[in-house]
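Student: Following this message is one structure expressed as structure tokens.
Every read-out reported here was derived from the displayed coordinates using simple, explicitly stated rules and does not represent laboratory data. Computed from a predicted model, the values in this text were never measured in an experiment. Because the Cβ atoms are built from the backbone with ideal geometry, glycine has one as well, and the counts that use them run over all protein chains shown.
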Amino acid sequence: MLTAGFLAVTLSKSLMLPTYDLVIRNGMVIDGSGNPAYYADIAINSGVIQEIGTISETGKQEIDANNMAVTPGFIDVHTHAENVIELPNAENFVRMGVTSIVIGNCGGSELDLGSFFAKLEKDPVSVNVASLVGQNTVRRSAMGGNFDRLPSDSEMTKMKASVRRAMEDGAVGLSTGLIYLPGAYSKTEEIIELAKIAGEYRGVYATHMRSEGTNIFSAIEEMIRIGVESKCRVEYSHIKLSGENVWGRTNEVLARLEKARAEGLEITQDQYAYTASSTSISTLLPDSALEGGTAELKKKLDDPIQRAAIAKDMTDRLALRKRTDYGYAVIASCRADSRLNGKNLIEAAQIRLGKSTLADQIETVFWIQLNGGASAVFHGMSEPDVTAFMQHPNTMIACDASCREYGEGVPHPRGYGNNARVLGRYVRELKTIRLEDAVRKMTSLPAQTFRLKNRGILKVGMAADINIFDPALVTDPSTYVDPHKYSTGFKAVIVNGKLVVKNDEHTGVRSGVPLRREGYKTRSTVQEFHSTIVEPADCCAGA
Ligand SMILES: [Zn+2]
């Protein structure tokens, strides 16, 4: 009887069609909550997690995850990957485990998000995409060419309408980039008016503040005031202390954020795990020089008095940061002279002018800016500060990068390695944070903060965005000098149930979907999803 029964079960099992699309077996499940890992199988059908536990049924596809971490797909809330339309494989992202990105940061976004999301639906990309609406974009479109002023009433009405439309089209919030034009000219009150609309739709206000260095504390006050007065929760973008004169003040920054939170403001932050930043070289010039564009800049520089004044302003700003040269600024991609790529401004001046005093470096910045500009990498942070911010429980991991064109220029390595670097360098080697906490910072914390329903936690009913990687091997080979290297150690990266990365190679699959704000176009439903988000544990080692 026993033998016959056993045979019957075996027979019926072997004859049965697979129950699931995909079964991941024997993995070390790190569910994204911050809780300790546990061992289980995971079954997936139609892009959704169906079961977690001991799974006896089979899958059409099976992955043995023995000795591997199985985590939710990583969610990167601070990217500049609007170019995902042109680079739909988003290879640098998925190959470091990022399955969902938020674009539209630092004030720059698509203006017509409805059409953008429709495009993504028609021609899918390899990652899920959410977007903020950028205040610089909105301000530029409403105010025309002259920005160093208050908006008129009708321009303000236009800006509000643009933000409202974007929120109804599914934006997850409003972003600012207050060191960039034209946003740099906005008064706090103007931003509050726009953030109120994002808040009305339960969006987030994500901000690249007016200063991350010398004036950082007044910038933080402005950020908090905007959140409080607009009743909009706040995401502090790429938290850092930039410049030696402010290094070491992490406790003051974090204490201020915690005070704001204690007083009722939902405020969180994100960071990338590097001591260098990256942005346009134009940020070295004063705003007043950049106002009006390249033609206006040329006129100002043609006037010896104005040229000297701009150079003095730059020298003074360097001195405030306790610097006497631009050796910390490395050109990533110069449109007019590719010989400068990978060179700091001292070296660049030497190449262009045959000499390299500070005056020559400033002349080189002028020349670059007048000839198409350049992106640059700025070595301005300290490792202990990066570590202290990472250990705070409310800090997410986000790379601040675009989709990388493989081999193009010498861009910041964060676009290729950020998540793998946290898992390899900061978790495994330096033991700065626990593996479970690192995963939480890349999954449930961003999902909860940006209200991305059904993502960021491994749980039955959630979308099957899943990473399978080897915690002992995961690595970021990308460096400042040689950045075009994909992260390694990923056995599988799964987006909506489909393998997008297999054994560290892109499969060509594009199974990403647009992530519109929950309840977009209907304001009555936005309250409901609060209850479906799992509250993660606040348990960060060493915080
Ligand atoms: Zn930024």
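Student: Placing one identical point scatterer on every Cα of region 280-379 and ignoring solvent, what is log10 I(q)/I(0) from the Debye formula at q = 0.13 Å⁻¹?
Tutor: Summing over Cα pairs of region 280-379 leads to -0.40.
Student: Non-local amide H neighbours of residue 492 (under 5 Å, H modeled in plane, Pro and chain starts lacking H): which ones?
Tutor: Here the answer is 468, 503, since their amide H atoms fall under 5 Å of that of residue 492.
Student: Let me ask another. Per-residue ellipticity at 222 nm for the chain, helices alone: DSSP H runs ≥ 4 residues times -39500 (n - 2.57), over residue total, nearest 500 deg cm²/dmol? Please report the intermediate quantities before stating the final value.
Tutor: On the way: 17 runs with 179 residues, N = 543.
Rounded to the nearest 500, the figure is -10000 deg cm²/dmol.
Student: Additional query: Could you let me know the centre-to-centre spacing of region 316-360 and region 290-307, using Cα atoms, in angstrom?
Tutor: 20 Å
Student: Could you please report the charge total around residue 26, scoring K, R as +1 and D, E as -1 over all other residues with beta-carbon less than 9 angstrom from its beta-carbon? Present the calculation step by step, with values, prior to reporting the outcome.
Tutor: On the way: positive: 25; negative: 41, 64.
Counting the neighbours of residue 26, the net charge comes to -1.
Student: Ok, one more. In region 132-222, which trypsin sites (Lys or Arg not before Pro) fall in coil by DSSP and have 13 or fewer other Cβ atoms within 10 Å?
Tutor: Loop-located and lightly packed - 149, 187.
Student: Below 13 angstrom from the Cβ of residue 47, what's the summed charge of the other residues (Lys, Arg +1; Asp, Glu -1)?
Tutor: On the way: positive: 455, 498; negative: 21, 465.
Net charge in that neighbourhood comes out at 0.
Student: Would you report the distance distribution of C-alpha pairs in the chain as whole percents per 10 angstrom bin, up to the bin with the largest distance?
Tutor: All Cα pairs, binned at 10 Å, distribute as 4, 18, 28, 26, 15, 6, 2, 1, 0, 0, 0 percent.
Student: If you plug each phi of region 492-507 into the Karplus form 6.51 cos²θ - 1.76 cosθ + 1.60 with θ = phi - 60°, what whole-Hz ³J(HN,Hα) values come out, in order, with x for Gly and Pro?
Tutor: Result, rounded to whole Hz: 7, 10, 10, 10, 6, x, 10, 6, 9, 10, 10, 6, 6, 10, 6, 8.
Student: Something else now. Explain nothing, just compute: Karplus ³J(HN,Hα) = 6.51 cos²θ - 1.76 cosθ + 1.60, θ = phi - 60°, for every residue of region 184-196 in order, whole Hz, x for Gly and Pro.
Tutor: The phi angles translate into 4, 8, 6, 7, 3, 4, 4, 5, 4, 4, 6, 5, 4 Hz.
Student: Then there's this: Please give every one of the aspartates and glutamates within straight-line cross-link reach of residue 453, meaning a C-alpha to C-alpha distance under 16 Å, and leave out same-chain neighbours fewer than 8 residues apart.
Tutor: 31, 76, 465, 518, 528, 535
Student: Moving to a separate point now. Tally Lys and Arg at +1 and Asp and Glu at -1 over the other residues with C-beta under 13 Å from the C-beta of residue 384: what net charge comes out? Kindly include the intermediate steps, with their values, before the conclusion.
Tutor: Working: positive: 240, 249; negative: 244, 383, 385.
Spelling it out: positives minus negatives among the neighbours equals -1.
Student: If you don't mind, there's one more thing I want to ask. Give me the percent of DSSP beta bridges within region 10-95 that run antiparallel, rounded to the nearest 5.
Tutor: Counting DSSP beta bridges with both partners in region 10-95, the antiparallel share is about 60 percent.
Student: What list do you get for 443, 324, 137, 507 if you sort them by fewest beta carbons within 10 Å? Walk me through the intermediate numbers first.
Tutor: Details: 443 32, 324 10, 137 21, 507 17.
Exposure proxy ranking, most exposed first: 324, 507, 137, 443.
Student: Once you have the Cα-Cα distance between residue 320 and residue 225, take 0.36 nm times their residue separation minus that, and quote the gain in nm to one decimal. Walk me through the numbers on the way to the answer.
Tutor: Values: separation 95, 0.36 × 95 = 34.20 nm, distance 2.63 nm.
In short, 31.6 nm is gained.
Student: Quick one: which residues, 5+ away or cross-chain, put their amide H under 5 Å from the amide H of residue 344? H built at 1.01 Å from N.
Tutor: Under 5 Å from the amide H of residue 344 lie the amide H atoms of 331, each far enough along the sequence or on another chain.
Student: Another one. Using amide H atoms built 1.01 Å from N in the peptide plane, name the residues 5+ places from residue 396, or on other chains, whose amide H lies under 5 Å from its own.
Tutor: Sorted by chain and number, the residues that satisfy this are 269, 270, 271.
Student: Same structure, new question: Taking the Cα centre as origin and putting +1 on Lys and Arg beta-carbons and -1 on Asp and Glu beta-carbons, what dipole magnitude results for the chain, to the nearest 20 debye? Walk me through the numbers before you get to the answer.
Tutor: On the way: 61 positive and 65 negative charges, 35 e Å.
It works out to roughly 160 debye.
Student: Work out the charge dipole of the chain with +1 on the Cβ of Lys and Arg and -1 on the Cβ of Asp and Glu about the Cα centre, then indicate which of 390, 512, 167 is farthest towards its positive end.
Tutor: 167
Student: Something else about it: For a quick check of your reading of the filter: which trypsin sites (Lys or Arg not before Pro) in region 350-433 sit in a DSSP loop and have no more than 14 other Cβ atoms within 10 Å? Provide the component values of the computation, followed by the final result.
Tutor: Numbers: sites: 352, 355, 404, 414, 421, 425, 428, 431; in loops: 355, 404, 431.
Passing both the DSSP loop test and the Cβ count: 355, 431.
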